[in-house]
Amino acid sequence: MRRNLATTLRARSRLAPMDAHDRLPPALRDWAATAALPWSAASLLRLWRQALRETGCEARARARLDAAEARLLARDAARIWGPGHPATLNMQKPPLAGAFTQS
């Protein structure tokens, strides 16, 4: 069978996703095992390193990952089930001070 060899795209070598997951730090692998979303190893590692750099603590880094996942779940819930869904409550912003409100 002939392949399309006329492409201008460069060939990229990709590692197996499970191999990338297996190379994650143990604490991050533990978090990913209970995550509600299917995170990629690359995005998890990027968020983890940033959280560790900013907090210096694995427990706080895990809390940051929990918060990031909660934000994504709330965003998806609002898009799928509408803004009144209970999961979107943490997304709603309080009114500005001095803003007009109806009584």
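Contact order for the range 20-88, expressed relative to its length and based on alpha carbon pairs under 8 Å spaced 6+ residues apart, stands at 22 percent. The length gained by stretching the chain between D76 and Q50 to full extension, at 0.36 nm per residue less their Cα-Cα distance, is 7.0 nm. Calculated on the Cα set of the range 20-88, radius of gyration then Dmax: 13.2, 40 Å. Residue order by solvent-accessible surface for W81, W39, W48 is W81, W39, W48, largest first, with ligands and nucleic acids left out and a 1.4 Å probe. Per residue, the solvent-accessible area of the range 23-73 (1.4 Å probe, heavy atoms of protein chains only, all protein chains present) comes to 62 Å².
The values are calculated or read from the model by the stated rules, or taken from the named source; none is laboratory data. Small disclaimer: the values here were computed from a predicted structure and weren't measured. Only protein heavy atoms, including side chains, enter the accessible area calculation; ligands, DNA and RNA are left aside. Shrake-Rupley method; radii C 1.70, N 1.55, O 1.52, S 1.80 Å.
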